[in-house]
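Presented below is the structure to which this report refers.
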Amino acid sequence: PVMSLCMEHPARGMTVLFRKLSIALFLSLFAALAYASPTMDPGIEALQKKVGFTVIERFSTPVGGVTGYVVKTGDGKAGIIYGVGDYTFSGALLESDGTDLTRQYTTRYISEPMYASVAEKLSRDTHLVSEGGKNAPEIYVFADPNCIFCHKFWQQTRDWVAQGKVRLHWVMVGFLKPSSLGFSAAIMNAEDRAGALQAFEENFGNNGSGEGISELTPVPANLKAALEQPSKWMAELGFSGTPGLLFKDTSGQWQGQTGVPGQEALGRALGIAE
């Protein structure tokens, strides 16, 4: 009948045949796409609607049925979670030999891209307090003026700065104490920022009382906006406090660390250890 239809009505017969072939091709393509782009785990989808995070990337894991997700919350923090059908979990995913796969995934999908992205933005920031050798390894240091550990790191790096072994870029923030914002603004507003930072650190704990520097009050709108941005970058980097260090190691990879690092270990990472 198809043959007779084609012979008796060739145009109509060819139209019907091509229509069937087109439908078959569409269904095959739809099935292929559906297979190549699996739907999100129901548990992840439900949690996403409840919490409001954004799924940045999805990746497979060596664990059957477990899919990894790179997610980002509204405040800019990124993390790794896992979906298993209706269930969601986070934390360390360990192999039998103790290898922490979550740490590897964090480095691959979050740390390196985030570190490089924030470092690129910092390189264009015009409010940094820079000191040390201009062609030396660079360290971006997120610091609150009232942070005792930031003060300790400042003291720890004096010889390096004097010898031009490092180039420190202090990224001032202000959240620890009510005076933090005013002191950071005063340092950023100074004609000699490195000198203002030095005056502050040399009189740590006594500033504003006739020694060191005084708070800048009120803080101008432009400096207040400049001081808000680093807090967002800290969230992106996963820095929970100050000092927060961002630097390139000897292999050219960006590294991040919160707290005061060991002098020797940091020197090796930067390639300046004696």
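The values are calculated or read from the model by the stated rules, or taken from the named source; none is laboratory data. Just so it is clear, the model here is predicted, and its values are computed rather than measured. All Cβ positions, glycine included, derive from the backbone under ideal geometry; neighbour counts span all protein chains shown. With ligands, DNA and RNA removed, areas are computed over all heavy atoms of the protein, side chains included. Shrake-Rupley method; radii C 1.70, N 1.55, O 1.52, S 1.80 Å.
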_Given the criteria at pLDDT below 90, hydrophobic (A, V, I, L, M, F, W, C) and surrounded by 12 or more Cβ atoms within 10 Å (Cβ to Cβ), does L17 qualify?_
yes
*Can you name the condition, by its number, that N189 falls short on among (1) under 24 Å from R268 (Cα atoms); (2) at pLDDT 95 or above?*
(1)
*Tally, over region 209-246, of residues that are over 18 Å from S179 (Cβ atoms), out of contact with any Gly (no Cβ under 8 Å at 6 or more places or on another chain) and part of a helix (DSSP H, G or I)*: 5
*Between residues in region 129-141 that are closer than 19 Å to S231 by Cα and residues that are of a type in the set (F, W, Y) and part of a strand (DSSP E or B), which pairs lie under 6 Å by C-beta distance while being six or more apart or on different chains?*
V129/W170; I139/F247; V141/W170
*Exactly one of (1) buried (at least 19 other Cβ atoms within 10 Å of the Cβ); (2) more than 24 Å from A78 (Cβ to Cβ); (3) modelled with pLDDT of 95 or more is unmet by L245. Its number?*
(2)
*Do you know which residues across region 70-88 are open to solvent by less than 80 Å² (accessible area, probe 1.4 Å) and farther than 22 Å from S240 by Cβ?*
Y82, G83, V84, G85, T88
*Report yes if V51 is open to solvent by less than 70 Å² (accessible area, probe 1.4 Å) and among the β-branched types (V, I, T), otherwise no.*
no
*Of the residues S251, S240, S231, which single one is modelled with pLDDT under 95, under 27 Å from V71 (Cβ atoms) and loosely packed, with under 13 Cβ neighbours inside 10 Å?*
S240
*Listing of strands (runs of 3 or more DSSP E) fully contained in region 65-125 that carry 2 or more residues being touching a Ser or Thr at 6+ places or on another chain (Cβ under 8 Å)*: 67-72, 78-84
*Considering only region 108-127, state which residues are open to solvent by less than 20 Å² (accessible area, probe 1.4 Å) and either free of Cβ contacts under 8 Å to residues at least 40 places away in the same chain or in contact with a strand residue (DSSP E or B) (Cβ under 6 Å, 6 or more places away or on another chain) (or both).*
I110, A119, L122
